[in-house]
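Participant: Below is one structure. I have some questions about it.
The values are calculated or read from the model by the stated rules, or taken from the named source; none is laboratory data. Values in this document were obtained by computation on a predicted structure and should not be read as measured data. As a convention, Cβ positions derive from the backbone with ideal geometry for all residues, glycine included, and neighbour counts pool all protein chains shown. Keep in mind that these areas ignore ligands, DNA and RNA; they rest on the heavy atoms of the full protein, side chains included. Shrake-Rupley method; radii C 1.70, N 1.55, O 1.52, S 1.80 Å.
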Amino acid sequence: MKIHEYQAKALFKAYGIPIPRSALAQTPAEAAKAAHELGTSPLVVKAQIHAGGRGKGGGIRVIGTPAEAEMVASQLLGTRLVTPQTGEEGRPVETLLIEEALTIVTEVYLGITIDRSRSCPVVLASKGGGMEVEKFAAEEPHKVMIEEIDPAVGLRPFQASRICYDLNLQASAVRKISGLIFALYQLFIEKDCSLAEINPLVMTGMGDPVALDAKLNFDDNALFRHPEIIALRDISQENPLEVEASRYNLNYIKLKGNVGCMVNGAGLAMATMDLIKRAGAEPANFLDIGGGATAETVREGFKLLLADRDVQVIFINIFGGILRCDTLARGVVKAAAELVVDLPMVVRLEGTNVEKGRQILSDSGLKFTVASGLKDAAEKVVAGLSSR
Amino acid sequence: MSILIDQQTRVLVQGITGAEGSFHTRRMMEYGTTVVAGVTPGKGGQTFDGIPIFHTVRDAVLNTGANASAIFVPPAFAADAIMEAVDARVDVVVCLTEGIPTLDMISVKRYMNGKKTRLIGPNTPGIISPGKCKIGVMAGYIHLPGRIGIASRSGTLTYEVVNQLTKLDIGQSTCVGIGGDPVIGLTFLDILQLFEEDRDTDAVVIIGEIGGTAEEEAAEFFSQRMSKHVIAFVAGITAPAGRRMGHAGAIVSGGAGGAREKIAFLEKAGMTVVKNPGEIGDTVARLLAGPA
C-alpha cells in the first residue's frame, strides 16, 4: 500500500526524523494562509499524489509570497497531475504540502527495502539524491552502499556509522545521521514497510540532516496488524474499478486493450495476457479471481469487465483442477444471463467434469464460444474481435 | 525416484481441523498420501477421520514418525507454525498459507539457518510426486507418473502446463510449487540442484514470472552445473512496471524483474525458453523426441 508524502512525513516526525516546517492546504485560501503562517520565503508547494516524477510534471513549485501560494494552489488543486510515472490519466491533486525551502549543503539518498534473494532488509545509501534507486542500483551498483541487516540482531551501530563515513559526511554529522538511520529502520520494521525512502536526505547550512522527501510503501500482507496504516489509504489515487475489485478480494489491473480477461490464479492470468498479445490482440485488464474460483467470484468478475467500456470480447480462462466444471459452468451461465452480457464470450474451462461443463455452456443459448486448450482459445478470441 | 517426497513420506497436517486443512487432508488421502497425524493446539487427543490429533508438532513427530508437514494455518500464525515444524526436525515443510507478512518470513528464514528442514512455499499449491505422494491442494488426476520435473511460482499455471504434458502422455517425476511470495523457502536454484541429482528425472520445466531474480540465479546454476535440459516459461511479458500482478512477488521495480530481461538472461544461459504459454507441452515433446 502507498501513502502520501505528507502522511509519511508525519510518521517520520513521530519517529524523530527531522522534516521541514510545513502546512497542508486543500483550497487556494488555505494555501495562502499556510504560506502566511509559515512566515518565511521562499516556500515549496508540493502536489500530493501517489506517484513520483512530480517535479517533471509541474507538481512541485517554488513560490515567494502567500499570493503566489494561492495562485499556484488554484492551478494545481482539482486537476489531475500527469508525471512520467502516472500514465496519461494522471492522479487527482486534492492536497498540497507547503514547506519552507532549505539551504542545502549536501544531499544523499537513503532507503530501506527487502532484498528478496538474501531474505533480509537492506539499507541503501548513495551520494546524490533524486534518482530512482532500483534503476540506479542496477546501472551503477558500485555507487550504492548496501548494508545487509541480520534480522536476528537488527541494524547494528557500526553499520549505521559505516554508511555515514562511506558517504563522506562531516564527522560532526555522523552521530545525528546514524540516529536518523536507526529511526528509519525502526519505522520500517514496526510498521511492516516494503520500502522506506528519503530521497533526498539533505544537510542544511546549520549542519542538520532533514528529510526533504518521504516515501513509505507497506506490505499488504501485514496490514491486518496495522489499522493505523490502513486508515491512511487514499482511494482517490487508485483506479475505481481496481478499488471495486479489491472489495471482493479480486486482483484487477486496468490495461489498454479490448479483450476483457477473467482468469483464476495470478500466474495463469499473466500467461493469458501474454497469450492474447501473442495472438495479435491486446488485453483490457489483468483479473485474477483467485485459484479457487466460485460462481460468486465469476459474477463479480463479470461486473468488472462489463463496467470497462473498452472491452469488446470477454475471455474466461478457468483451470478448476479440484473444482467441478459443471458447477462452475452453471455459475458462469447464471451470471452472464442475469447481467445480460451482450458481448461475445470465449470460455475455456478445465477441471473435474469438464465435458459436462462445456455442454452446459453450449446449451445455454448465450453467446459462448467454448474453447479447449490455450491455443484454441487464443484463435477464438481473435476471431471474436474481428467479427465485430 | 523423485525429489523431496515419495511413498516413504509420512505427513502431518498443521491446522487439520480448519476448513481448508480438513478438506485437503481428505483429498491428499484419497490420492494415496500417507497422512499420519494432525496438529491443532487445544485438540490433542481427538481424531480426524481416524488420524490422531496432537497439541504440538513435537508430540506428533515423536508418536507417529511423521517426516513432512503440510501447513494450513491462517497468515497471522503461519510463520510460527513453520518454526514449530523446523524445531521438531521435520524433513520437508510445505506451507500452503497465502498472505504471510514478508518480515515474518524473513524471521523464518533466519531461524532455519543451519537446520535440516527444507521449506516449500509459502503461498504454494504444494508438491506432488505423481502416483506416490501429494502434499498440497493441486488436483491429483491431471498428473501422470513420469520423468519430467516441474518447478513453478504459480498454481493454476502449473496445472495448465501439467495438463499439456499429461495430454501428450509425458509424465512427471515431481512437480514443486515454490510459491508466489517475495521470500520463500526452496528456490528455483535449489529445485534444479535436486532434479539434476535425481536419476529418474530427464528434463525440467521451470515456470517463472516477473519480479525478483530467482529465475536468473537458477539460470546461472544451469549454465555452469547442469547436464539436463531445462525448458522455461516466464509469465508477465505484458505486465506494466510497478504494479503487483496478484502475487506479492510478481512486481517489476526499476530495472529488475521484467519478463523481457529474464527471458534474455535465460536464453543466454542456454535454457529453452517458450514464449507462447500454449506451446509448453509441445516444446517438451519436441525436445524429448530430438537428439539429446
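Rundown of residues vs (1) more than 14 Å from the chain's Cα centre (by Cα); (2) more than 8 Å from chain A (Cβ to nearest Cβ); (3) free of Cβ contacts under 8 Å to residues at least 40 places away in the same chain; (4) crowded, with 24+ Cβ neighbours inside 10 Å, yes/no style:
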| residue | (1), (2), (3), (4) |
| --- | --- |
| B:Y159 | no, no, yes, yes |
| B:L168 | yes, yes, no, no |
| B:G180 | no, no, no, yes |
| B:F188 | no, yes, yes, yes |
| B:T201 | yes, yes, no, no |
| B:I210 | yes, no, no, yes |
| B:Q224 | yes, yes, yes, no |
| B:A235 | yes, no, no, yes |
| B:M245 | yes, no, yes, yes |
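Participant: Among the listed residues A:L223, A:L216, which satisfies the condition of being of a type outside the set (V, I, T), open to solvent by less than 60 Å² (accessible area, probe 1.4 Å), away from chain B (no Cβ under 14 Å) and under 22 Å from B:D104 (Cα atoms)?
Facilitator: Being of a type outside the set (V, I, T), open to solvent by less than 60 Å² (accessible area, probe 1.4 Å), away from chain B (no Cβ under 14 Å) and under 22 Å from B:D104 (Cα atoms) holds for just one of A:L223, A:L216, which is A:L216.
Participant: Still on this structure, I have one more. Looking at (1) touching a Lys or Arg at 6+ places or on another chain (Cβ under 6 Å); (2) more than 13 Å from A:F302 (Cα to Cα); (3) not small (G, A, S), which one does A:D363 not meet, given that it meets all the others?
Facilitator: Of everything listed in (1) touching a Lys or Arg at 6+ places or on another chain (Cβ under 6 Å); (2) more than 13 Å from A:F302 (Cα to Cα); (3) not small (G, A, S), A:D363 misses just condition (1).
Participant: Would you point out the residue of segment B:274-292, among those that are buried (at least 20 other Cβ atoms within 10 Å of the Cβ) and within 14 Å of chain A (Cβ to nearest Cβ), that is farthest from B:S223 (Cα to Cα)?
Facilitator: B:G278
Participant: Filter segment B:281-292 down to residues that are hydrophobic (A, V, I, L, M, F, W, C) and either modelled with pLDDT of 95 or more or in a loop (DSSP other than H, G, I, E, B) (or both), then give me how many there are.
Facilitator: Within segment B:281-292, residues that are hydrophobic (A, V, I, L, M, F, W, C) and either modelled with pLDDT of 95 or more or in a loop (DSSP other than H, G, I, E, B) (or both) number 3.
Participant: Name the one entry in A:D166, A:D192, A:D220 that is in contact (Cβ under 8 Å) with a residue 60 or more places away in the chain and among the charged types (D, E, K, R).
Facilitator: The match here is A:D220.
Participant: Hey, can you tell me all the residues within segment A:372-388 that are at pLDDT 90 or above and either small (G, A, S) or not in a helix (DSSP H, G or I) (or both)?
Facilitator: Hits for segment A:372-388 are A:A377, A:A378, A:A383.
Participant: In segment B:72-102, which residue that is open to solvent by 30 Å² or more (accessible area, probe 1.4 Å) and in contact (Cβ under 8 Å) with a residue 12 or more places away in the chain is nearest to the other protein chains (Cβ to nearest Cβ)?
Facilitator: B:P75
Participant: Search segment A:270-291 for residues that are facing chain B (nearest Cβ under 8 Å) and pair each with any residue that is surrounded by fewer than 24 Cβ atoms within 10 Å (Cβ to Cβ) and of a type in the set (V, I, T) when their beta-carbon atoms are under 6 Å apart and the residues are at least 6 apart or on different chains.
Facilitator: That search, which allows pairs on different chains as well, returns A:M273/B:T238; A:D274/B:I237; A:D274/B:T238; A:K277/B:T238; A:F286/A:I253.
Participant: Being within 14 Å of another protein chain (Cβ to nearest Cβ) and in contact with an Asp or Glu (Cβ under 7 Å, 6 or more places away or on another chain) narrows it down to one of A:G154, A:G111, A:G87, so name that one.
Facilitator: Result: A:G111 is the single residue among A:G154, A:G111, A:G87 that is within 14 Å of another protein chain (Cβ to nearest Cβ) and in contact with an Asp or Glu (Cβ under 7 Å, 6 or more places away or on another chain).
Here is a yes/no grid of residues against (1) of a type in the set (A, V, I, L, M, F, W, C); (2) assigned by TED's automatic domain parsing to the domain that holds B:I148; (3) not in a loop (DSSP other than H, G, I, E, B):
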{"residue": "B:V90", "(1), (2), (3)": "yes, no, no"}
{"residue": "B:V94", "(1), (2), (3)": "yes, no, yes"}
{"residue": "B:G99", "(1), (2), (3)": "no, no, no"}
{"residue": "B:D104", "(1), (2), (3)": "no, no, yes"}
{"residue": "B:S107", "(1), (2), (3)": "no, no, yes"}
{"residue": "B:R110", "(1), (2), (3)": "no, no, yes"}
{"residue": "B:K115", "(1), (2), (3)": "no, no, no"}
{"residue": "B:L119", "(1), (2), (3)": "yes, no, yes"}
{"residue": "B:I128", "(1), (2), (3)": "yes, no, yes"}
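Participant: Testing B:I148 on (1) away from chain A (no Cβ under 14 Å); (2) open to solvent by less than 10 Å² (accessible area, probe 1.4 Å); (3) more than 19 Å from B:G208 (Cα to Cα), one condition comes back false. Which one is that?
Facilitator: The number of the failed condition is (3).
Participant: Give the residue, chosen from B:A256, B:A250, that is open to solvent by less than 30 Å² (accessible area, probe 1.4 Å), hydrophobic (A, V, I, L, M, F, W, C), assigned by TED's automatic domain parsing to the domain that holds B:K167 and at pLDDT below 90.
Facilitator: Answer to the selection: B:A250.
Participant: Taking the options A:A25, A:A35, A:A10, name whichever one is of a type in the set (A, V, I, L, M, F, W, C) and either out of contact with any strand residue (DSSP E or B) (no Cβ under 9 Å at 6 or more places or on another chain) or closer than 21 Å to A:S194 by Cβ (or both).
Facilitator: So the residue among A:A25, A:A35, A:A10 that is of a type in the set (A, V, I, L, M, F, W, C) and either out of contact with any strand residue (DSSP E or B) (no Cβ under 9 Å at 6 or more places or on another chain) or closer than 21 Å to A:S194 by Cβ (or both) is A:A10.
Participant: Ok, one more. Could you grab me the full set of residues in segment B:31-68 that are hydroxyl-bearing (S, T, Y) and assigned to a loop (DSSP other than H, G, I, E, B)?
Facilitator: B:T33, B:T40, B:T56
Participant: Of the residues B:G114, B:G131, which single one is more than 16 Å from the chain's Cα centre (by Cα), open to solvent by 10 Å² or more (accessible area, probe 1.4 Å), at positive phi and within 14 Å of chain A (Cβ to nearest Cβ)?
Facilitator: Exactly one residue qualifies, and that residue is B:G114.
Participant: Continuing with the same structure: Out of curiosity, is B:G121 surrounded by 24 or more Cβ atoms within 10 Å (Cβ to Cβ), of a type outside the set (A, V, I, L, M) and at the interface with chain A (Cβ under 8 Å from one of its Cβ atoms)?
Facilitator: So B:G121 fails the test.
Participant: On to the next question. When the residues of segment B:23-71 are filtered to those that are open to solvent by 60 Å² or more (accessible area, probe 1.4 Å) and among the polar types (S, T, N, Q), which remaining residue is farthest from the other protein chains (Cβ to nearest Cβ)?
Facilitator: B:N63
Participant: Give just the number: which of (1) crowded, with 16+ Cβ neighbours inside 10 Å; (2) over 33 Å from the mean Cα position of the chain (by Cα) does A:L385 not satisfy?
Facilitator: It fails just one condition, (2).
Participant: Surrounded by 18 or more Cβ atoms within 10 Å (Cβ to Cβ), of a type in the set (A, V, I, L, M, F, W, C), touching a strand residue (DSSP E or B) at 6+ places or on another chain (Cβ under 7 Å) and within 11 Å of chain A (Cβ to nearest Cβ), is that true of B:M105?
Facilitator: no
Participant: In this structure, does A:L255 turn out to be open to solvent by 10 Å² or more (accessible area, probe 1.4 Å), within 11 Å of another protein chain (Cβ to nearest Cβ) and on the phi < 0 side of the Ramachandran plot?
Facilitator: yes
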